[in-house]
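Rule-based calculations on the coordinates, nothing more; no lab input. Everything quoted here is computed from the prediction, not taken from an experiment. For neighbour counting, all protein chains shown are included, and Cβ atoms are generated from backbone atoms with ideal geometry for every residue, glycine included.
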2 protein chains.
Amino acid sequence: VAPARGLARDLRRIVGARLSITPVDREACSHDAWPRNLIAVARGAPPARLADVVVWPETEAEVAALLRYASRRRVPVVPFGAGSGVCGAAVPVRGGIVLDMKRMKRMTALSANDHWASFQTGTLGQPLEDALSSRGFTLGHFPSSIYCSTLGGWLATRSAGQCSSRYGKIEDMVLGLRAISGAGERLRTDVERQPDLGALLLGSEGTLGVIVEARLRIRPAPEARLMRGYRFRDVASGCAAMRRVMQLGLRPAVLRLYDPLDTLLQSSGHGHGFRRLGALLGPGARARAASILVGGAAGIGRALHLAVGRAGCLLVAGFEGPSERAAAEAALGHAELSAAGGKDLGCEPGERWLAHRYDVSYQQSRVFLAGAFVDTMEVATTWDRLTDLYESVRRAIAERAFVMAHLSHAYAEGCSIYFTFVASLLDGERRYDELWSAALSTALRSHGCLSHHHGVGLLKLRWMAEEHGAATRLVRAAKRVLDPAGIMNPGKLVA
Amino acid sequence: VAPARGLARDLRRIVGARLSITPVDREACSHDAWPRNLIAVARGAPPARLADVVVWPETEAEVAALLRYASRRRVPVVPFGAGSGVCGAAVPVRGGIVLDMKRMKRMTALSANDHWASFQTGTLGQPLEDALSSRGFTLGHFPSSIYCSTLGGWLATRSAGQCSSRYGKIEDMVLGLRAISGAGERLRTDVERQPDLGALLLGSEGTLGVIVEARLRIRPAPEARLMRGYRFRDVASGCAAMRRVMQLGLRPAVLRLYDPLDTLLQSSGHGHGFRRLGALLGPGARARAASILVGGAAGIGRALHLAVGRAGCLLVAGFEGPSERAAAEAALGHAELSAAGGKDLGCEPGERWLAHRYDVSYQQSRVFLAGAFVDTMEVATTWDRLTDLYESVRRAIAERAFVMAHLSHAYAEGCSIYFTFVASLLDGERRYDELWSAALSTALRSHGCLSHHHGVGLLKLRWMAEEHGAATRLVRAAKRVLDPAGIMNPGKLVA
C-alpha cells in the first residue's frame, strides 16, 4: 500500500481526485471476463495481482502526462475499457496503473454529409450507437457485449459485431486514430497514409500505447431491416448456402448458421436455453447433469446432437438499409438461400434472434451457479475447411465438454466459427487449460486462425510466435520504438 | 564496371546466367515512368545513377539468397516490376542490384470454391487477369497501367484500379503475403492474424524487403456489365450525385466524373484528345500552343474551361456481377443519379469509356513530341472538401499548366481526385518541381492525402514526415528490424 500511496500522490498532480487506491476499485479494474479467472475465483484461489492505482483520465493531455510519468518511473500501465474481454488481456499482471478510459466518452465530431464520426475511446458501445442513432446514423457494430464494452476495447482487440458481413469488423470502419505512445508522444494515423500504420495499433491490446480517439465510418440508420429464418438439413448444407450468398456479392447485415444444439438454445432463447439443456437430460437432471459435466460428456453430447439434429440447423439472414436497396438484396438473398435448400421459416426466427441477440453475453453466472463454466472460441477459416474444422474441434474436446457452435461473420472466402463449450467446474483451471489447448491446437491444425475477434490476451499468448513467425519481430520493434520503457500492458501480445 | 563484374560473378552462383551488366539492361531497369526523369532525358541531362547489375530471380529461394548476399556485402537492392511507376520509386539512386521480378509470374494456387488465388508478384497485370478470366474469375483490379505493371508494383504502392469502388484497392484484396526481408528472412502475413503486419509491407515501396507472392480475393467474372453515361451541370453537382450513390450502399464497379476539359478529352478519346486540345486553340495553333505552354496558360485555360463548360461534366457509371444483382443495383443507381440531376446519355459513353479505358497511360510520348509534358496527381479527401480542393489546386497552378481533373475511386466518405497537368518542357525540371510543389502543398492544405494510389517515390518523399508525424518512427523501426543493413531501395520512403 505504501508505494501505491506515493504513486497516487504523484498521479494526483495529473488527474486530481480522479484516482483510487481502494481495494474495491483496484479489484474491479484488475480483471476482465476471462472465464479462467472466474474459475480461479470460484475455487477460492488467492486473487491475482491487482493494479496499484486506478486513474480516470478525461483528456488526451492527461493520458499523455500519465504515460510520460509512468515511462519515466517505469510503472506498468494497462488501458482499461469495460472489462468484457474474454482472454485476460486487461489483467495487470505486473500491477501498476490501470487507466480506466470510461470518462473519455465524447463524440467529438460528426459529418452528416460525409458519413464519419469521431469518438473518444472510453465510450461504451450502446451510448455510442445511441449518439449516432439520434442523428440518423449507425456504426453497424453490434458485439453481444455492446452494453459492457468500449470503442477502445473493440479497437485494441479487432472486435467484430453481429452485422460484420455488411459493415465490416471494427478495423474496417476506422478512418483514422489518435493515440498516445507508451512514451507519451502523440500519434495520428489515417488509412489514406502510406503505409497504414494504424494497422499496428489495431489489435495491439494496449501494448504500444493508448488509443484515445477514432474517426469511424458511419452509415445511415437503416430504413428497413428484413430478417428471415431458414432451416437447413445440417451444418454442411447451411455452410454452402452462406457461401453462395456471400459469393453472389450480397452484403447481408446478418448471416448466421447454428448447429443443431445451438439451434435448440437459439430457439428457446439463450436465457433459459442453458436451463433447458439440463432439462433435456431427463428426470433427476440436476444430479445426472453434474456427473455428465464431470465426464462422459461425449456420449451424451453425441446423443443430444442426434436428438436435436432432426430439427436441423437454423440460419438467420437479415438485409438492411434504404428500403428499396434492402428489399432488392433480400429478394436476391431469399432466392439464393431457397435454391440452396433452405426451408423458409418466415420472419419470426429472425425477429426473435434480433430481440435476444445480446443475451448470450450474460449467461456466465447462470452456468457457474449450475457448477459448470461456459467459454467461447472464435476462429475462422476458408469455406472448404470449415466443416472439417467444426468436426475436428468437436471430436477433440467431446470428452471434456458439451460443444455447440454457430457460424457468423461470413466472407466470400470463408467464415468465422464460434464454439461454445460448457464443462464442469470440478477440475478448476486444469480442465479449462486442457480444453483450450486441445481445442485451439486442433483448430490451428485445421487451418483456423488464432483469433477472429476476441483477441489474444493471456489465453492465446503462447501461440503468437507460431502464428506470426519471423514477423513477430515487427511487433517487438514497434514496441521498442513506441514504448521504450516497456510499461504498456507488460506480459501481453509479444511477451 | 570492374566492381559490377565482381558482383555479377558472385550473383551468378545464385541465379546462373539470369543476370546482366550490359548498359542497355541496366538502363532499362534503372528508371520508371516518372515524368521528371523524362524531362531530364529530354533536355539531354547526364543519365542518373544506373544499377550495377540486373538479376532475374525465378524462385523465392533465389530471392532469399540474393538478399542474404546483398545484406552481407551491403549492396543496395531495388525490387523492380514493370517500371510504370510515376513517382521515381524504382530509381536505384545508390546503384547496386536491380531485382527484376518479371520471371516470377506463376499463379501458384486458385480456389474456385473459396474465391482466392495466389500469384507470384512479378506477374504482369493483364496476364494475371487473363489467367483468372480463363477460369471464370476476375481480380477486379484494372489500373490504366495494367499492360505494364506487376502485382508486386501494385502491392508496393497500394495501387487502385478503375473498378475500386466495387472491388477495393489492391490492399483490400490481399488475404496474405509471402515476402523476403532485407536480411533474407521468410515473412508470412495474413489478414486474420493480429495485428495485421501485412499493412507495413503494403505501400513499403521495396524498402523493407521483397514481396514474392500474394494470396488475393478473386470474384466471379461478371455475367453482366451495365455501363451508362450521365451529364451533370458542373463538378459540384456531379460530385453530389456520386456521393449519393455511394452513401446508398451501392457498389458500382465504375463511378467517374470528368470536369469540363477532361470531359472533352474523354469524349474524343485521350488518343487524339491531346491533339484536339491543340486544335481548339485555333489556327496557327502549333506556334500559339508553344507560347501558351510557356506561360499565359491561365487565361487560355480559363477560357477553355468556360468554352467546354457548356457541355457539362460526363459521369460514367457501371454496375457488374451476376445478372440479376447487377441489374437491381444498376436500376437503383440510375434512379439515384437521375434524381440528383444527371441527364441520361444512354449506354454509349460508358461503352466508349470501357473500350478506351487504358489509353491514358500511353500518351506521354505524344505530349513530349509536342514540346510539353503531362503528369497526374491523385489525392483524396472527404466530399465536403472536394470542390474546394479542386478549385484551389487549379488556381494554384493555372499560370504554369493546363489542368483538368476527374473524380474516381469513390467511397461513402469521400473520393479521389485525379488531376492531369500539361505544361511546357521549356523550363525543364524547374517548372516541373515548382508545379508539383504548388499543387501538392495546396492539396495538403485543402486536407487532401499525400497519395491515393501512385505512391511516394522520390517525388513526394519530402512530405512523408509531415504526413506521418511521430508515427514515422514506426516505419524506421520496421526498416531497422527487417533490413538492418539498410540495403532495400535506399533513399526511399523513410530516407
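For the pair region A:187-236 and region A:42-87, the centres of their Cα atoms are 25 angstrom apart. Note that region B:89-105 has calculated 3J(HN,Hα) couplings of 4, 8, 6, x, 4, 10, x, x, 9, 9, 9, 6, 8, 5, 7, 9, 9 Hz, one per residue in order, obtained from phi through the Karplus relation 6.51 cos²θ - 1.76 cosθ + 1.60 (θ = phi - 60°); glycine and proline are x. Chain A residue nearest the axis that carries A onto B, by Cβ, with distance in whole Å, is A:A199, 2. Residue separation of A:V24 and A:L354 scaled by 0.36 nm, minus their Cα-Cα distance, works out to 115.2 nm of gained length. Using a label position 7 Å from Cα in the Cα→Cβ direction, what is the ascending list of nm distances from B:R310 to the same site in the other copies? Nearest first, the other copies' label points are 8.1 nm away. Inter-copy label distances at B:T22, shortest first and taken from points set 7 Å along Cα to Cβ: 8.4 nm. Taking Cβ atoms as reference points and 12 Å as the exclusive limit, the residues near B:A28 contribute a net charge of -2, counting Lys and Arg as +1 and Asp and Glu as -1. Placing a label point 7 Å from the Cα of B:D359 along the Cα-to-Cβ direction, the distances to the matching points in the other copies come to 6.3 nm, shortest first. Dividing the summed helix terms, -39500 (n - 2.57) for each DSSP H run of n ≥ 4, by the number of residues in chain B produces a 222 nm estimate of -12500 deg cm²/dmol to the nearest 500. Angle of helix A:235-247 to the longest C-alpha principal axis of chain A, folded into 0 to 90 degrees and rounded to 10: 60°. The residues A:R431, B:R352, when put in order of fewest to most other Cβ atoms within 10 Å, stand as B:R352, A:R431. Expressed as an acute angle from 0 to 90° and rounded to the nearest 10, what is the orientation of the C-alpha long axis of helix A:297-309 relative to the principal long axis of chain A? Here the helix axis deviates by roughly 60 degrees. Among A:I170, B:I39, a tally of other beta-carbon atoms within 10 Å of each Cβ gives an order, fewest to most, of B:I39, A:I170. For region A:318-333, putting each phi into the Karplus relation 6.51 cos²θ - 1.76 cosθ + 1.60 with θ = phi - 60° gives couplings of x, 10, 8, x, x, 3, 5, 5, 4, 5, 4, 5, 4, 5, 5, x Hz, in residue order, rounded to whole numbers and with x for Gly and Pro. Annotation: amide H of A:L345 within the under-5 Å range of A:G229, A:Y230, A:R231, sequence separation 5 or more or interchain, hydrogens built in the peptide plane. Between B:R395 and B:D10, the modelled labels are 5.6 nm apart [label points 7 Å from Cα along Cα→Cβ].
Close amide H pairs (under 5 Å, H built 1.01 Å from N) link B:A183 with no residue at least 5 positions away or on another chain. Full extension of the chain between A:W463 and A:R49 gives 146.7 nm of extra length, using 0.36 nm per residue less the Cα-Cα distance.
Once R0 is set to 56 Å, what does the formula 1/(1 + (r/R0)^6) return for the Cβ-Cβ distance between B:S365 and A:T472, expressed as a FRET efficiency to the nearest 0.05? Once rounded, the FRET efficiency stands at 0.70.
Beta-bridge orientation, the protein assembly as shown: approximately 90 percent antiparallel, per DSSP, counting only bridges with both partners inside.
Net charge of the neighbourhood of A:G88, taken over other residues with C-beta under 15 Å away and scored Lys/Arg +1, Asp/Glu -1, is +1.
Assuming R0 = 45 Å, what is the FRET efficiency of B:A42 and B:K343, from their Cβ-Cβ distance, to the nearest 0.05? It comes out at approximately 0.60. Spin-label model, A:D433 to B:A17: label points 7 Å out along the Cα-to-beta-carbon direction sit 6.2 nm apart.
Helix A:472-482 and the longest principal axis of the C-alpha atoms of chain A enclose an angle of approximately 30°.
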